[in-house]
Amino acid sequence: EAGVAQSPRYKIIEKRQSVAFWCNPISGHATLYWYQQILGQGPKLLIQFQNNGVVDDSQLPKDRFSAERLKGVDSTLKIQPAKLEDSAVYLCASSSKGQANNEQFFGPGTRLTVL
Amino acid sequence: QQQVKQSPQSLIVQKGGISIINCAYENTAFDYFPWYQQFPGKGPALLIAIRPDVSEKKEGRFTISFNKSAKQFSLHIMDSQPGDSATYFCAASVEDNFNKFYFGSGTKLNVKP
């Protein structure tokens, strides 16, 4: 079974620039999550999709961050404009609704550096 | 407000020793408590998980101890090996349709040969 795919793996941008990250979840997984992991901290949920609908975006800085999940499969997370404090690893995860152990499967992440 | 508090921040253990990482939570509605292991450059991967209907769960060298009344749970790694060197995160969630995880801040474990 293929895992969660993310690209790019690394990105360096100047502040005020825009950036986009892509995630392809495990096939058949209805739920998709985007997390922000700042160095030395645990992952923080930014947004959660159930199929192509948003179920939780309470921690998403909506003035600069946006995300979509067209057709309930792939997802993109965008930051525009980026700030220095956005430097972090952005993790995508997916889970299968109804899965007994509630496991979330994580991708390798995209490391963003904002200069 | 941090929903899950984890300690210590870092831990050094000799090979063969026992590694212990502790977590505490506030929300009594939480009913699923996973531990994730993360190696550098990789995403977190599920290690072991427990539900509050049991006080202990063991899988190989990894054991979760759960104290519902104290709202605490811990990970014990027996016979720690250098290959266990990684960052460990505890988490908690309510097992509903939303399955939102609240992660601890992480513990960086270094097992010395």
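Please treat every number below as a calculation from the coordinates, not as lab data. The model shown is predicted, which means the values in this text are computed figures rather than measured ones. When we count neighbours, we look across all protein chains shown, and the Cβ atoms used for this are built from the backbone with ideal geometry, even at glycine.
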Please give the length that would be gained between residue B:20 and residue B:56 if that part of the chain were fully extended, namely 0.36 nm times their separation in residues minus their C-alpha to C-alpha distance (nm, one decimal). 11.6 nm
Starting from the 7 Å offset along Cα-to-Cβ, what nm value, one decimal, do you get for the label separation of residue A:2 and residue B:29? 3.7 nm
Add +1 for every Lys or Arg and -1 for every Asp or Glu among the other residues with Cβ under 13 Å from the Cβ of residue B:31, and state the total. +1
Karplus couplings for region A:18-24 from phi (6.51 cos²θ - 1.76 cosθ + 1.60, θ = phi - 60°), rounded to Hz, Gly and Pro as x? 10, 8, 9, 10, 10, 9, 10
If R₀ is 45 angstrom, what is the calculated FRET efficiency for the pair residue B:70 and residue A:20, using the beta carbon separation as r and rounding to 0.05? 0.55
Where the centre of each part is set by its Cα atoms, how far does region B:1-43 sit from region A:57-115, in angstrom? 22 Å
Starting from the amide H of residue A:15, placed 1.01 Å from N in the peptide plane, find each other amide H under 5 Å away whose residue is 5 or more places distant or on another chain. A:115
At what distance in angstrom do the alpha carbon centres of region B:56-100 and region A:1-36 lie from each other? 26 Å
Simple spin-label estimate for residue B:46/residue A:38, 7 Å along Cα→Cβ, in nm, reads 2.9 nm
What is the spin-label model distance, in nm, from residue A:78 to residue B:12 if the labels are put 7 Å beyond Cα along the C-beta direction? 4.8 nm
At a Förster radius of 25 Å, what calculated FRET efficiency corresponds to the Cβ-Cβ distance of residue A:70 and residue A:115, to the nearest 0.05? 0.20
How much of the DSSP beta bridge set in the protein assembly as shown is antiparallel, as a percent to the nearest 5? 90 percent
